[in-house]
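Everything below concerns the one structure shown next.
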Amino acid sequence: MKDNVKLVDIRSLSEDQLKVKLTEMGEQAFRAKQIYEWLWQKSCTSFDEMSNLSKALRENLKNHFTINAAQVRQSQISTDKTIKSTFTLYDGNVIEGVLIPADSRMTACVSSQVGCSLTCKFCATGYMDRKRNLNADEIYDQVVLIAKQAEDHYQQPLSNIVYMGMGEPLLNYANMMKSIERITSPTGLNMAAKRITVSTAGIAKMIKKLGDDEVRFNLALSLHAANDEKRNEIMPINEQNTLKALAEALKYYYAKTKNAVTFEYIVFHHFNDELEDARDLAKFCKHIPCKVNIIEYNPIALADFVNAEADKIDVFADYLRSQGVITNVRRSRGKDIDAACGQLAIKDKTAEEV
C-alpha cells in the first residue's frame, strides 16, 4: 500500500481523527489513545517501538502513516555549556535550536519557521528566505531533542522554553499554538504554560489575537528601538506595525490576559545606546506592566552592528531602573560557537551546497 497511497503524517491528526482513520482501516478505535500516548507522552518516532500494540497493527500503521520526526544534524558545545544544534526535517530543510543552561534553569530556544520573512537588519535569520512554516510536531520535536541534550549532558530536566529561534512565531500562529497545546497537555509533555515564552518582532493584530485567546504563556516583544524612525531602520516590520499600534495591541493583550510583557532590547554601539534612547524606552514601558531584558549582541558577518560598550549598557540600564522599570542585562551565551540566531543553519546549508 505504501507504493500506491501517500502516507499521512499521523501527528497531524487529532485523537478523534485518528479514531476515524483506524476504524476505516478495520482497527479498533480505542487504539487511538494508546497510539497518542506513544506519540506525545513518550515522544515515540517509530511504530516498531509501540510495544503494547500487536505486530499486525504496527504493520498496518506503517502502511498508512508516517512519523515525520526531526533529527539532530550537528551540534556545537560552547565553553559556557550552551549547546547549539541544527535539525534536519523530513523534507531536507534545516532549522536550529539551542540549549541554554543556567544555575536555576535549563532553557530550550526553538524555531518556528524555516528561515524568516521579516528581514531584521541585525539578525542572521533575517538574511535567509522563508521557506515554510514549521508544523506543530516539528516544533515539539525540537523541545524533545533539546530536553534529551539537557539530560544527557547535564543530568537536568528541561525547565523553560522560548520561541526565539528562527522565524516569527506569530506568522505561524496555528502551529505555534498547537505545539504549545501538545507541550503543556497532561497527555503530552505536561510542561507549565508559565515556563514558555513566545517572542515576536511585533505583529499588532496577532498580539491582539493572543489576548482574545487568553493565552497563559508569556509574551516577549523584540523592541530594540523605542522611536519609529530608528525601529524602521533596523526592523522593516515596524512600518506596518508602528510603536503606537503595538502599544494599543499590548494594552488590549494585557487587559485580556493580565500577563506582564517582556521587552527585549539589544543596545547597539552608536545606534540606540544614548540616554535619549533610554528615555524613549522608559516612556514606552509605561503603557503596560513589563520588564526589560537588555541583550548582549552576537555580531554576524552579514551586518555592521556591534554591541554597545559595557559602561554605556550600565548607564542605560541604571536609567531604566531609576524610572521604575525592572531591568535585567542578559550576557551573550555561546560566543565561541555560531551563537547568533540562524548563523549555524546558514553555515550548515552553505557547506552542504558547496
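Counting just the residues of the stretch 54-71 that are of a type in the set (A, V, I, L, M, F, W, C) and open to solvent by less than 70 Å² (accessible area, probe 1.4 Å), which one comes out farthest from A102 (Cα to Cα)? Even if it seems obvious, please write down each step before you answer.
Within the stretch 54-71, the first condition is being of a type in the set (A, V, I, L, M, F, W, C), and the residues that meet it are 56-57, 61, 65, 67, 69-70.
Among the residues that remain, those that are also open to solvent by less than 70 Å² (accessible area, probe 1.4 Å) are: 57, 61, 65, 67, 69-70.
Working: L57: 44, L61: 41, F65: 40, I67: 33, A69: 28, A70: 26 Å.
Of everything passing the filter in the stretch 54-71, L57 is farthest from A102 (Cα to Cα).
If you check every pair at least six apart or on different chains, which have Cβ atoms under 9 Å apart with a residue in the stretch 234-246 that is among the small types (G, A, S) first and a residue that is crowded, with 17+ Cβ neighbours inside 10 Å second?
A245/G202; A245/A204
Do you know which of the residues in the stretch 144-163 that are without any contact (Cβ under 8 Å) to a residue 12 or more places away in the chain and within 18 Å of Q41 (Cα to Cα) is least open to solvent (accessible area, probe 1.4 Å)? Give the steps one after another, and end with the answer.
We begin by selecting, within the stretch 144-163, every residue without any contact (Cβ under 8 Å) to a residue 12 or more places away in the chain; these are 148, 151-152, 155.
Restricting the remaining residues to those that are within 18 Å of Q41 (Cα to Cα) gives 148, 151.
On the way: K148: 116, E151: 89 Å².
For the stretch 144-163, the residue satisfying everything is E151.
Here is a check on your reading of the model: is K283 basic (K, R) and within 23 Å of V162 (Cβ to Cβ)?
The answer is no for K283.
For the stretch 228-248, which residues satisfy the criterion of being touching a Phe, Trp or Tyr at 6+ places or on another chain (Cβ under 9 Å) and closer than 19 Å to D273 by Cβ?
K230, E233, I234, M235, L243
I'd like to know if the stretch 112-127 contains one or more residues that are in a loop (DSSP other than H, G, I, E, B) and at pLDDT 95 or above. Step through it out loud before you land on a result.
Applying the first criterion (in a loop (DSSP other than H, G, I, E, B)) to the stretch 112-127 yields 112, 115-124.
From the residues that got through so far, the ones that are at pLDDT 95 or above too are 112.
Yes, some residue in the stretch 112-127 is in a loop (DSSP other than H, G, I, E, B) and at pLDDT 95 or above.
Check the stretch 94-107 and report whether any residue there is without any contact (Cβ under 8 Å) to a residue 40 or more places away in the chain, closer than 16 Å to Q156 by Cα and not small (G, A, S).
Within the stretch 94-107, one or more residues are without any contact (Cβ under 8 Å) to a residue 40 or more places away in the chain, closer than 16 Å to Q156 by Cα and not small (G, A, S).
Of these, G92, G115, G97, which one is open to solvent by less than 10 Å² (accessible area, probe 1.4 Å) and on the phi > 0 side of the Ramachandran plot? I'd like the intermediate steps shown before the answer.
Numbers: G92 fails: open to solvent by less than 10 Å² (accessible area, probe 1.4 Å); G97 fails: on the phi > 0 side of the Ramachandran plot.
Step by step, each of G92, G115, G97 is checked, and only G115 is open to solvent by less than 10 Å² (accessible area, probe 1.4 Å) and on the phi > 0 side of the Ramachandran plot.
State all residues of the stretch 168-185 that are part of a loop (DSSP other than H, G, I, E, B) and either open to solvent by less than 20 Å² (accessible area, probe 1.4 Å) or modelled with pLDDT under 95 (or both); if no residue qualifies, say none. Quick ask: steps written out before the conclusion?
Taking the stretch 168-185 as the starting set, the residues that turn out to be part of a loop (DSSP other than H, G, I, E, B) are 168, 185.
Within the stretch 168-185, just E168 meets the criteria.
The values are calculated or read from the model by the stated rules, or taken from the named source; none is laboratory data. Model, not experiment: these values are computed from the prediction. All Cβ positions, even for glycine, are placed from backbone atoms using ideal geometry, and neighbour counts span all protein chains on display. Just so you know, the surface numbers come from the protein's heavy atoms only, side chains and all, with ligands and any DNA or RNA stripped out. Shrake-Rupley method; radii C 1.70, N 1.55, O 1.52, S 1.80 Å.
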